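Visitor: Before I ask anything, let me first share the structure, which is written out below as structure tokens.
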Amino acid sequence: KAGVTQTPRYLIKTRGQQVTLSCSPISGHRSVSWYQQTPGQGLQFLFEYFSETQRNKGNFPGRFSGRQFSNSRSEMNVSTLELGDSALYLCASSSGAGNSYEQYFGPGTRLTVT
Amino acid sequence: GQNIDQPTEMTATEGAIVQINCTYQTSGFNGLFWYQQHAGEAPTFLSYNVLDGLEEKGRFSSFLSRSKGYSYLLLKELQMKDSASYLCAVRDLTAAGNKLTFGGGTRVLVKP
């Protein structure tokens, strides 16, 4: 079974631009969660999508948004990029059923904002 | 909200045992997770505790005390490949699904 894939793996953007990151979960998984990881703040939860609906949301500004498609693939978008948005963005997939707990992380997208 | 504390760094010798503590304060609790993350790689799932007690999985064990808001991850027979960051995370009771709050991670350095 293929793992979680994220594209692109690396990205360099300029302040004020916007960016879209993509995540394909493990086949059959319906839950996709997004996290931001920085040296200073660690791993922080952005949001979770399940069956095309946002199920949970972290404490990030509205510039951070996401969506999920019918095939469970998910995208997250960051508008009006700031230098502080430079981070590793990780997505994680799980079956999402019941109280399932195991999340599988993708390799991440390293975003650098200049 | 959630507040999770774990030591920043620990050093141990190959073959030894290391215990990584994690304390948490939560408004709701629905399970505690441990993840391992090697430098430059994604986190990988190690263990999950939702009831009090010890869960053993090979060289790794995880303990939970909900009344004390405390967990530890025990790594036995340390190997050089165990050098990594270990992340403690708590799932929010008030949210269905997967809303995890992570601690800052404990970097473990295994020396020969």
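Visitor: Name the strands (runs of 3 or more DSSP E) wholly inside the range B:24-69 in which the number of residues that are touching a helix residue (DSSP H, G or I) at 6+ places or on another chain (Cβ under 6 Å) and in contact (Cβ under 8 Å) with a residue 24 or more places away in the chain is 2 or more.
Guide: In the range B:24-69, there are no strands (runs of 3 or more DSSP E) which contain 2 or more residues that are touching a helix residue (DSSP H, G or I) at 6+ places or on another chain (Cβ under 6 Å) and in contact (Cβ under 8 Å) with a residue 24 or more places away in the chain.
Visitor: Out of curiosity, is A:S24 at pLDDT 95 or above and in contact with a strand residue (DSSP E or B) (Cβ under 9 Å, 6 or more places away or on another chain)?
Guide: Criteria met by A:S24.
Visitor: So which residues in the range B:90-111 are modelled with pLDDT of 95 or more, buried (at least 20 other Cβ atoms within 10 Å of the Cβ) and part of a strand (DSSP E or B), if there are any at all?
Guide: Within the range B:90-111, B:T106, B:V108, B:V110 qualify.
Visitor: Can you confirm whether the range A:63-84 contains a residue that is in a loop (DSSP other than H, G, I, E, B), under 20 Å from B:P43 (Cα atoms), within 14 Å of chain B (Cβ to nearest Cβ) and open to solvent by less than 40 Å² (accessible area, probe 1.4 Å)?
Guide: There is no residue in the range A:63-84 that is in a loop (DSSP other than H, G, I, E, B), under 20 Å from B:P43 (Cα atoms), within 14 Å of chain B (Cβ to nearest Cβ) and open to solvent by less than 40 Å² (accessible area, probe 1.4 Å).
Visitor: Only one of (1) at pLDDT below 90; (2) closer than 25 Å to A:H29 by Cβ; (3) surrounded by fewer than 14 Cβ atoms within 10 Å (Cβ to Cβ); (4) of a type outside the set (F, W, Y) is not met by B:S27, so which one is it?
Guide: (2)
Visitor: Quick test for you: out of A:T5, A:T38, A:T14, pick the one residue that is more than 14 Å from chain B (Cβ to nearest Cβ) and either open to solvent by less than 50 Å² (accessible area, probe 1.4 Å) or touching a residue at least 24 places away in the same chain (Cβ under 8 Å) (or both).
Guide: That would be A:T14, the only listed residue that is more than 14 Å from chain B (Cβ to nearest Cβ) and either open to solvent by less than 50 Å² (accessible area, probe 1.4 Å) or touching a residue at least 24 places away in the same chain (Cβ under 8 Å) (or both).
Visitor: Still on this structure, please answer the following. For the range B:56-97, name all the residues that are facing chain A (nearest Cβ under 10 Å) and more than 23 Å from A:G40 (Cα to Cα).
Guide: B:T94, B:A95, B:A96, B:G97
The values are calculated or read from the model by the stated rules, or taken from the named source; none is laboratory data. Nothing here was measured: the structure is a model prediction, and the numbers come from that model. Reconstructed Cβ throughout: ideal geometry from the backbone, glycine too, with neighbour counts over all protein chains shown. Each accessible area value is taken on the protein alone, full model and side chains, heavy atoms only, with ligands, DNA and RNA left out. Shrake-Rupley method; radii C 1.70, N 1.55, O 1.52, S 1.80 Å.
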